Amino acid sequence: MKATVLIPAAGTGRRMGGSISKQYLELADKPILAHTLTLFENHPRVNNIYLIVPPDDISYCQQQIVDRYGLSKVCRIVAGGCQRQDSVRNGLDALAEDGLCQPQRPILIHDGARPLFDCKSLSSLIDIVCQTGACTIGVPVKDTIKNVENNKITGSPDRDRLWQAQTPQGFQYHLIREAFDRATEDGFVATDDASLLERLGHPVQILEGDYRNIKVTTPEDVLVAVALLGDLT
């Protein structure tokens with residue numbers, strides 16, 4: 001089964017500084033967002049892409065990202081919300097409006113500022129979503145993690161049990177729709193989409209990804225991404 005991809009890219013990138021949103025900064029003479037979209041544009045298991053950006057950026061993204069780079073699988077650009085969770089919910093609403101809301105349809109959600117995801121694992125992710133309902137890409141943590149309260153260490157979790165969640169995260173439509181609806185009803189806000197299913201007690205599988213799948217958030221990340229992109233090309 002082929003997947004539909006939601007790309008939330010409506011953040012302002014305050015940690016990046018400067019006047020240009022992080023998703024439009026260039027890596028190797030191409031905007032970060034264009035690199036990200038191209039990953040899914042070129043994959044045979046992806047049917048269509050919904051790009052979610054700030055309302056004022058819709059025309060710019062259509063002309064300077066989608067049209068300029070020939071991204072034919074981007075079938076709609078959706079206005080984002082105040083927070084990431086609002087933006088993804090707007091994307092799910094757009095799927096329903098377009099009739100792409102079949103219960104078992106695999107929906108992948110991927111950060112617009114993660115241009116280095118290795119799509120070799122995408123088919124496996126889609127297969128697991130079809131089989132189990134939910135799966136996320138992630139990597140085991142490398143560093144020792146500390147619990148801290150009032151600048152004092154209160155504990156050291158077992159590192160062997162800790163993973164760093166990445167994207168894409170994949171879900172069957174009916175599960176992620178229910179999770180978002182319940183979160184809205186309860187006023188619950190999460191830092192990633194998988195957390196919304198976790199709070200409902202639905203198991204989420206994890207598929208080991210790649211440490212190079214970084215989220216470009218700070219100026220230092222841009223330098224790292226440039227170096228990693230050079231290694232991948």
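Which residue out of GLY70, GLY91 is under 24 Å from CYS135 (Cβ atoms) and either modelled with pLDDT of 95 or more or touching a Phe, Trp or Tyr at 6+ places or on another chain (Cβ under 6 Å) (or both)? If you could, list the steps in order and put the result at the bottom.
Numbers: GLY70 fails: under 24 Å from CYS135 (Cβ atoms).
Just one listed residue meets the conditions, GLY91.
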Checklist entry - Before we move on, is SER87 under 26 Å from ASP127 (Cα atoms) and either basic (Lys, Arg) or within 18 Å of the chain's Cα centre (by Cα) (or both)? => result yes
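Criterion first (in contact with a Gly (Cβ under 6 Å, 6 or more places away or on another chain) and surrounded by 22 or more Cβ atoms within 10 Å (Cβ to Cβ)) does LEU122 satisfy it?
Values: in contact with a Gly (Cβ under 6 Å, 6 or more places away or on another chain): no; surrounded by 22 or more Cβ atoms within 10 Å (Cβ to Cβ): yes.
Answer is no for this residue.
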Item to check | Inter-residue pairs, beta-carbon under 7 Å, first in a loop (DSSP other than H, G, I, E, B) and in segment 184-200, second at pLDDT 95 or above and charged (D, E, K, R), 6+ apart | outcome: PHE188/ARG199; LEU200/ARG182
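Please verify whether segment 160-170 includes one or more residues that are part of a helix (DSSP H, G or I), crowded, with 19+ Cβ neighbours inside 10 Å and in contact with a helix residue (DSSP H, G or I) (Cβ under 9 Å, 6 or more places away or on another chain). Give the derivation first.
Within segment 160-170, the subset part of a helix (DSSP H, G or I) is 160-161.
The next check asks that each one be crowded, with 19+ Cβ neighbours inside 10 Å; those that pass are none.
Within segment 160-170, none of the residues are part of a helix (DSSP H, G or I), crowded, with 19+ Cβ neighbours inside 10 Å and in contact with a helix residue (DSSP H, G or I) (Cβ under 9 Å, 6 or more places away or on another chain).
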Checklist outcome for this item: ILE128 fails exactly one of (1) in a helix (DSSP H, G or I); (2) under 19 Å from GLU41 (Cα atoms); (3) touching a residue at least 40 places away in the same chain (Cβ under 8 Å), namely (2)
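Take the residues in segment 58-95 that are in a helix (DSSP H, G or I) and among the small types (Gly, Ala, Ser), then tell me which one is surrounded by the most Cβ atoms within 10 Å (Cβ to Cβ). Steps first, answer last, please.
So in segment 58-95, the residues in a helix (DSSP H, G or I) come out as 58-67, 84-95.
Next cut, among the small types (Gly, Ala, Ser) only: 59, 87, 91, 94.
Numbers: SER59: 10, SER87: 24, GLY91: 26, ALA94: 18.
In this case the residue turns out to be GLY91.
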Checklist entry - Restricting the search to segment 171-218, which residues are loosely packed, with under 14 Cβ neighbours inside 10 Å and modelled with pLDDT under 95? => result THR191
Checklist outcome for this item: Expected output for segment 76-93 (first residue basic (Lys, Arg), partner assigned to a strand (DSSP E or B), Cβ below 6 Å, 6+ apart or cross-chain) is ARG76/TYR50; ARG84/PRO8
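The values are calculated or read from the model by the stated rules, or taken from the named source; none is laboratory data. Keep in mind that what you see is a predicted model, and the values were worked out from it rather than measured. Cβ: placed from backbone, ideal geometry, glycine included. Neighbour counts: every protein chain shown.
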